[in-house]
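Nothing in this text is a laboratory measurement; each read-out follows from the coordinates by a stated rule. Only a predicted model underlies this, so the values are computations on that prediction, with no experimental measurement involved. With ideal geometry, Cβ positions are generated from the backbone for all residues, glycine too; neighbour counts draw on all protein chains shown.
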Amino acid sequence: MLWEMHYMNKAKCRLKKDDKVKVISGKEKGKIGKVLKIYHKKNRILIENINKVKKHEKPTDKSAGGIVDKEAPVHWSNVMLMCSKCFAPVRIKFQYQDDNKKVRVCRKCNDFIDS
Ligand SMILES: [Zn+2]
């Protein structure tokens, strides 16, 4: 059990909201989108215009309801973070700045992902 928890921590999602990511597997492979939401407990992320599914919605005061296209979350291991300098999906590493702030760094160009 302890091992499992440790493992889970290690496999933590490195993505953040508003990150640009590329889908690397599944039916949406090759598509690029912006991270809208992260479900940490489920290890899934919601990406703009990726993995759209048809959903039935009940009519509300604001909408008529019916069938709408909505994004469904995908597992974070199916996507890679895009580096704005490399214009490619890259692996990242963490670095600590002088003020102890943790920043993400591109393994390819060694530049900061976070500004
Ligand atoms: Zn880079």
Taking 8 Å as the Cα distance limit and 6 or more residues as the minimum spacing, I'd like the relative contact order of the stretch 2-86 as a percentage.
28 percent
Tally Lys/Arg at +1 and Asp/Glu at -1 over every other residue whose Cβ is under 12 Å from the Cβ of residue 44; what's the total?
+2
Cβ-Cβ FRET estimate between residue 87 and residue 52, R0 fixed at 25 Å, reported to 0.05:
0.50
Pseudo-spin-label distance residue 41 to residue 112, built 7 Å along Cα→Cβ, given in nm, is 3.4 nm
So if R0 is 35 Å, what FRET efficiency would residue 99 and residue 70 give, r being the distance between their Cβ atoms, rounded to the nearest 0.05?
0.30
Give the separation of the Cα centroids, the stretch 92-115 to the stretch 25-65, in Å.
28 Å
Give me the compactness ratio for the chain, meaning the Cα radius of gyration over 2.2 N^0.38 Å.
1.27
Under a 5 Å amide H to amide H cut-off, with H placed in plane at 1.01 Å, what residues pair with residue 71 once short-range neighbours are removed?
53
Can you give the local net charge around residue 35? Use residues other than it whose beta-carbon is closer than 12 angstrom to its beta-carbon, Lys and Arg +1, Asp and Glu -1.
+4
Residue by residue through the stretch 56-64, which ³J(HN,Hα) values in whole Hz follow from phi under the Karplus form 6.51 cos²θ - 1.76 cosθ + 1.60 (θ = phi - 60°), with glycine and proline marked x?
8, 10, 6, x, 10, 4, 8, 9, 7
Partners for residue 108 among aspartates and glutamates (Cα-Cα distance below 19 Å; same-chain residues under 8 apart left out)
19
Size of electric dipole in the chain: Cβ of Lys, Arg +1 and of Asp, Glu -1, about Cα centre, debye, nearest 20:
280 debye
Average Cα contact separation per residue, the stretch 69-115, under 8 Å, 6 or more apart, as relative contact order %
26 percent
